[in-house]
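A short worksheet on the structure shown next.
The values are calculated or read from the model by the stated rules, or taken from the named source; none is laboratory data. Since the structure is predicted, the reported quantities are computational estimates derived from the model, not experimental observations. In this analysis, Cβ positions are derived from the backbone assuming ideal geometry, glycine residues included, and neighbour counts consider all displayed protein chains. Keep in mind that these areas ignore ligands, DNA and RNA; they rest on the heavy atoms of the full protein, side chains included. Shrake-Rupley method; radii C 1.70, N 1.55, O 1.52, S 1.80 Å.
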Amino acid sequence: MPIFTRRDHLAPSLSGNKATASLAILQQLAAENRRVLSDWRAVLLMRRATETIPANRRRWDKPPTSVSQVYPYLRQMRLRGEIRPVDTRPGLHIYEVTVPYASGLPRDEDEVLMEAHPYASLAYLSALSFHNLTEELPKEILAITPAIGTGDLLPPGTHRDDWEGLPLVRGSLVRRVLGRAVRWFRIDPRRYFGLGEYRPRGYPVRVTTPERTLLDGLLRPELSGGIEVVLRAWAIGRDTLDLDSLVHQVDQFGIGVLRQRVGFTMDELGLHHQALAKWQTTARRGGSSKLVGSAPYASNYSERWNLSLNAPLTALRGGEV
């Protein structure tokens, strides 16, 4: 087995002996710094290699058309010690790469999660931590997934052409990833927006965008470390937010009290957008007009936003939480 570097591509396998399926798969994984391989990804990698490597330079004939067709190759790779199973759940074929190039790469929970459920997205406190909007570390992985179907989503790092003639892989709600518990939240497909693909280590990970993450914090602060952590995150992200995207997502939610909470928070941070004037005219008093919906009303009140300020505001006003 060659010793791959992180810059290896398919080209080196075309000199000398014919490329094996194992070599083609591993070199593509190395190119993206991947340390995790699922059966469905093995199918895609072999299909890509079939298009790239001439027939007379590879040891297999046709591209696989199902995951069952790659199991013999995965079995051979296990026997040679190139991969080993990741402990997820019975029937889920996910492997850790063990060849030399992968020895310097960390075992990453996000990568395993994306292979197990490729339509999921990190969210809430997990997303705040991912975007460096908090120093709080979640005790469990918090992830969202559409309650019904997958819409136009594809597994991260794949394209429509990859799936031509193949059924899309189904996601699995694994309970643990590399020993850490996963907490799942099924989201109405109409609100499964504000997602991004990020590549901090070379391969893509789906995470709610900073804007969506901060909105989720105001809607469900208990899932984001508490309201103090959320408001501090708003202050940290103040200068990097895409305000047009933020406003658009608020309007997509269509929740009146969210407009009040976001409008008040933006005012406190000195963030300006033309939508605020319209939002302010629709801010009405009501049973849910509180900064934190689950907390009691407080006498501290925003007249402009008709909002009970029932939480500490130190972080928004220049202090530490």
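Listed values, structure above:
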item: Segment 39-63 residues that are over 23 Å from P85 (Cα atoms) and free of Cβ contacts under 8 Å to residues at least 24 places away in the same chain, paired with ones that are open to solvent by less than 80 Å² (accessible area, probe 1.4 Å) and assigned to a helix (DSSP H, G or I) (beta carbon under 7 Å, 6 or more apart); result: P63/M46; P63/R47; P63/T50
item: Selection from segment 44-62 of residues that are hydrophobic (A, V, I, L, M, F, W, C) and either in contact with a strand residue (DSSP E or B) (Cβ under 6 Å, 6 or more places away or on another chain) or open to solvent by 100 Å² or more (accessible area, probe 1.4 Å) (or both); result: I53
item: Candidates A295, A233, A275, A315 - the one that is over 23 Å from D188 (Cα atoms), touching a helix residue (DSSP H, G or I) at 6+ places or on another chain (Cβ under 6 Å), open to solvent by less than 70 Å² (accessible area, probe 1.4 Å) and modelled with pLDDT under 95; result: A315
item: Within segment 196-228, considering residues that are open to solvent by 50 Å² or more (accessible area, probe 1.4 Å) and within 14 Å of the chain's Cα centre (by Cα), the one farthest from G104 (Cα to Cα); result: E197
item: Segment 1-34 - residue that is of a type in the set (A, V, I, L, M, F, W, C), farther than 19 Å from R75 by Cβ and assigned to a loop (DSSP other than H, G, I, E, B) and, of those, modelled with the highest pLDDT; result: F4
item: Scan of segment 137-195 for residues that are closer than 23 Å to Q28 by Cα and open to solvent by 60 Å² or more (accessible area, probe 1.4 Å), ordered by number; result: H159, R160, D161, E164, G165, P167, L168, R170
item: Unmet criterion (only one of (1) part of a loop (DSSP other than H, G, I, E, B); (2) among the charged types (D, E, K, R); (3) free of Cβ contacts under 8 Å to residues at least 40 places away in the same chain) for R201; result: (3)
item: Entirely in segment 85-191, the strands (runs of 3 or more DSSP E) that have 3 or more residues that are of a type in the set (K, R); result: 180-187
item: Selection status of L258, in a helix (DSSP H, G or I), open to solvent by less than 20 Å² (accessible area, probe 1.4 Å) and closer than 16 Å to L215 by Cβ; result: yes
item: Options L125, L113, L105: the member that is in contact (Cβ under 8 Å) with a residue 60 or more places away in the chain, open to solvent by less than 40 Å² (accessible area, probe 1.4 Å), in contact with a Gly (Cβ under 6 Å, 6 or more places away or on another chain) and not aromatic (F, W, Y); result: L125
item: Residues that are touching a Lys or Arg at 6+ places or on another chain (Cβ under 9 Å) and either open to solvent by 40 Å² or more (accessible area, probe 1.4 Å) or over 22 Å from E228 (Cβ atoms) (or both), drawn from segment 243-254; result: S245, Q249, D251, Q252, F253
item: Cross-chain or 6+ apart pairs with Cβ under 8 Å, segment 69-95 first and open to solvent by 40 Å² or more (accessible area, probe 1.4 Å), then in a strand (DSSP E or B) and among the β-branched types (V, I, T); result: P85/I94
item: Residues being in a helix (DSSP H, G or I), without any contact (Cβ under 8 Å) to a residue 40 or more places away in the chain and not basic (K, R) - total across segment 261-278; result: 5
